[in-house]
């Protein structure tokens, strides 16, 4: 019986060695496949040169686009600056056109000044009203002063006077009229203020 076991053991040993060899061969082939997967295929020199040429062409295209955009931007800036300068240069053109009839009327009034009289005074008053109307239509407003509370944003106090009939900081007298253009003070009124 021991001989039979030995025979059986001999039989089982040989197949085990075969199985081990097959397992090792399987592992080796798996390792080879994994190694093949990990190492990328290196491109040829011709392929690399072709890719380099394509990338250089793409870079050149981007560079040319950037130069065109930069030139367009510079042209836009120059055009905007010129338009702004022209706008500022001729900003008062419409107002001047409206004031030309007033200028004509002043010339007529001065021509008739050789014979001063009621007609001369009434003519100058008419020209003054015409000028006021034009300026009011453009948004010019007179800053109210006399009898008003002093406001440093609208008034410039050049003198303080003692007054028993006015409260403190009330404007007693207007020395030079102040004006606002569309709500913005363009010249404060010069006033005397009660203390």
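Readers should treat all values here as calculations from the given coordinates under stated rules, not as data from a laboratory. Predicted model, so just to flag it, every value in this text is computed and none were measured. With ideal geometry, Cβ positions are generated from the backbone for all residues, glycine too; neighbour counts draw on all protein chains shown.
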I need a count of the residues in the range 108-127 that are over 23 Å from residue 140 (Cβ atoms) and out of contact with any helix residue (DSSP H, G or I) (no Cβ under 8 Å at 6 or more places or on another chain).
9
Looking only at the range 151-195, count how many residues are assigned to a loop (DSSP other than H, G, I, E, B) and closer than 30 Å to residue 138 by Cβ.
9
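Applying the selection to the range 79-95, what residues are surrounded by 11 or more Cβ atoms within 10 Å (Cβ to Cβ) and assigned to a helix (DSSP H, G or I)? Explain how you work it out, then say what you get.
Start the filter on the range 79-95 by keeping residues that are surrounded by 11 or more Cβ atoms within 10 Å (Cβ to Cβ), which leaves 92, 95.
Matches in the range 79-95: 95 only.
Kindly establish whether residue 130 is in a helix (DSSP H, G or I) and loosely packed, with under 13 Cβ neighbours inside 10 Å.
Details: in a helix (DSSP H, G or I): yes; loosely packed, with under 13 Cβ neighbours inside 10 Å: no.
No: the conditions fail for residue 130.
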